[in-house]
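The values are calculated or read from the model by the stated rules, or taken from the named source; none is laboratory data. Just so we're clear, the structure is a prediction, and the values are computed from it rather than from any experiment. Note that each Cβ is placed from the backbone with ideal geometry, even for glycine, and that neighbours are counted across all protein chains shown. The accessibility values were calculated without ligands, DNA or RNA, using every heavy atom of the protein model including side chains. Shrake-Rupley method; radii C 1.70, N 1.55, O 1.52, S 1.80 Å.
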Amino acid sequence: MSNTHAAILIAVMALVTMILRFLPFMIFRDRETPEYINFLGKYLPYSIMGMLVVYCLKDVSITSSPFGIPELISVVLVAVLHFWKRNTLVSIVSGTVCYMLLIQVF
Amino acid sequence: MNLKLLKAAIIKTLPIMAGYMVLGMGFGILLKINGYGVLWVLAMSIFVYAGSMQYVGISLITGGASIISTALTTLMVNARHLFYGISMIQRYRGAGLKKLYLMFALTDETYSLVCNGDYPEGAIPHEYYFLVSLCDQIYWVIGSVMGSLIGSVITFNTEGIDFAMTALFVTVFVEQWVDTKEHRPSLIGVGASVLCLLLFGRENFLIPTMISIIILLTVCRGALERGGVASE
């Protein structure tokens, strides 16, 4: 593939991503945001974070070894630690080290 | 720009630093292996600045994809960013010139830090959000450049270190859960995603998920607003 074409593809990716990120702000730039959009803005963050967790785990296979067990253990560890201590760094580091040990050692 | 605020932003973004450095390095290494050096890495990490899309982008570039299919793929992979925008409209209102960058730099990870609307006492929120966004992108750029330059000499086994991102989202999810008695939006998010993942498969489930989340929230709107216990 030519470098020019590669550069064009990168520009396309950048442009489409920017449009997606700018669009909601552009639409409601000069007028009051409608009640309905405010409602969505208030409750969407909760739903989106649930979606992002599932999105991160989408490639886990529960039908073939190791059946998603390392992911399950590590996610539960992070959640429990975070409920208990509420320290983001501790929760993330512990969960990640746990996960790396599980998939590298076993 | 005051140093105290910068310090607060750096502390807040430490978890992202770990994750972005590693994921960024992974990206830099992969792109380098495929024959595209540090300038290409810089171009993508500065202008595209979307983690999963950049990984997908490697295969588009090396596979010689067409412009149309590149545009459509980007649309599918990044459509979730529309959501982030919708929930940040009020918060980013009136940020002036900084708003341009705030909108541009709203990645998954940055969104997870700013969506709750917390900021240090006495700070101007927009300045704080700006620094958080900027720190995150700097980590991402440094990580990916490092990957491109020194990637091949890394000796320890980093397999699984990308779990840091999953862990980050789990902690934000837990924060949100503890902060409110209204758990339906969180449950809708998880439930709709799992259901759509099973129905549509891992490649295509994001867009149906987003549509079902909007529908379910809209259906519950009356009940949610009567409850009105969700914290800002």
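Check off (1) open to solvent by 10 Å² or more (accessible area, probe 1.4 Å); (2) without any contact (Cβ under 8 Å) to a residue 40 or more places away in the chain for B:Gly85 and give me the number that stays unchecked.
All conditions pass for B:Gly85, except number (1).
Since B:Val178 meets every condition but one in (1) hydrophobic (A, V, I, L, M, F, W, C); (2) open to solvent by 50 Å² or more (accessible area, probe 1.4 Å); (3) outside any helix (DSSP H, G or I), which condition does it not meet?
Failing condition for B:Val178: (3).
Criterion first (more than 10 Å from every other protein chain (Cβ to nearest Cβ), more than 23 Å from B:Thr166 (Cα to Cα), more than 20 Å from the chain's Cα centre (by Cα) and in contact (Cβ under 8 Å) with a residue 40 or more places away in the chain) does B:Leu6 satisfy it? Even if it seems obvious, please write down each step before you answer.
On the way: more than 10 Å from every other protein chain (Cβ to nearest Cβ): yes; more than 23 Å from B:Thr166 (Cα to Cα): yes; more than 20 Å from the chain's Cα centre (by Cα): yes; in contact (Cβ under 8 Å) with a residue 40 or more places away in the chain: yes.
Yes: the conditions hold for B:Leu6.
Consider B:Ile142 carefully, then state whether it is touching a residue at least 40 places away in the same chain (Cβ under 8 Å) and open to solvent by 70 Å² or more (accessible area, probe 1.4 Å).
Details: touching a residue at least 40 places away in the same chain (Cβ under 8 Å): yes; open to solvent by 70 Å² or more (accessible area, probe 1.4 Å): yes.
For B:Ile142, the condition - touching a residue at least 40 places away in the same chain (Cβ under 8 Å) and open to solvent by 70 Å² or more (accessible area, probe 1.4 Å) - is met.
Does segment B:119-130 include one or more residues that are part of a helix (DSSP H, G or I), more than 13 Å from chain A (Cβ to nearest Cβ) and within 25 Å of B:Leu42 (Cβ to Cβ)? Let's see the steps before the verdict.
Applying the first criterion (part of a helix (DSSP H, G or I)) to segment B:119-130 yields B:125-130.
Narrowing the set further to residues that are more than 13 Å from chain A (Cβ to nearest Cβ) leaves B:125-130.
Subset that is within 25 Å of B:Leu42 (Cβ to Cβ): B:129-130.
Yes, the conditions are met somewhere in segment B:119-130.
Applying the selection to segment B:195-209, what residues are surrounded by 17 or more Cβ atoms within 10 Å (Cβ to Cβ) and more than 29 Å from B:Tyr139 (Cα to Cα)? I'd like the intermediate steps shown before the answer.
Quick first cut of segment B:195-209, residues surrounded by 17 or more Cβ atoms within 10 Å (Cβ to Cβ) only: B:196-197, B:205-206, B:209.
Hits for segment B:195-209 are B:Cys196, B:Leu197, B:Phe205, B:Thr209.
Mind checking which helices (runs of 4 or more DSSP H) fall wholly inside segment A:1-104 and carry at least 2 residues that are over 23 Å from B:Ser186 (Cβ atoms) and open to solvent by less than 20 Å² (accessible area, probe 1.4 Å)?
Where helices (runs of 4 or more DSSP H) fall fully within segment A:1-104 and carry at least 2 residues being over 23 Å from B:Ser186 (Cβ atoms) and open to solvent by less than 20 Å² (accessible area, probe 1.4 Å), they are A:3-27.
If you take the residues of segment B:168-227 that are facing chain A (nearest Cβ under 9 Å) and touching a Cys at 6+ places or on another chain (Cβ under 7 Å), which of them is farthest from B:Ala18 (Cα to Cα)?
By that ranking, first place goes to B:Arg184.
Look at A:Ser47 and say whether it is more than 9 Å from chain B (Cβ to nearest Cβ), of a type in the set (Gly, Ala, Ser) and free of Cβ contacts under 8 Å to residues at least 12 places away in the same chain.
Details: more than 9 Å from chain B (Cβ to nearest Cβ): no; of a type in the set (Gly, Ala, Ser): yes; free of Cβ contacts under 8 Å to residues at least 12 places away in the same chain: yes.
It is false that A:Ser47 is more than 9 Å from chain B (Cβ to nearest Cβ), of a type in the set (Gly, Ala, Ser) and free of Cβ contacts under 8 Å to residues at least 12 places away in the same chain.
Could you tell me how many of the residues in segment B:88-101 are in contact (Cβ under 8 Å) with a residue 12 or more places away in the chain, at the interface with another protein chain (Cβ under 9 Å from one of its Cβ atoms) and part of a helix (DSSP H, G or I)? Break it down stepwise before answering.
Initially, segment B:88-101 is screened for residues in contact (Cβ under 8 Å) with a residue 12 or more places away in the chain, giving B:88, B:91-92, B:94-96, B:98-99, B:101.
From the residues that got through so far, the ones that are at the interface with another protein chain (Cβ under 9 Å from one of its Cβ atoms) too are B:88, B:91-92, B:99.
Next cut, part of a helix (DSSP H, G or I) only: B:88, B:99.
Residues meeting the conditions: 2.
List the residue pairs whose Cβ atoms are under 6 Å apart, where the first residue sits in segment B:41-69 and is free of Cβ contacts under 8 Å to residues at least 12 places away in the same chain, the second is in a loop (DSSP other than H, G, I, E, B) and open to solvent by 10 Å² or more (accessible area, probe 1.4 Å), and the two are 6 or more positions apart or on different chains.
That search, which allows pairs on different chains as well, returns B:Gly64/A:Met1.
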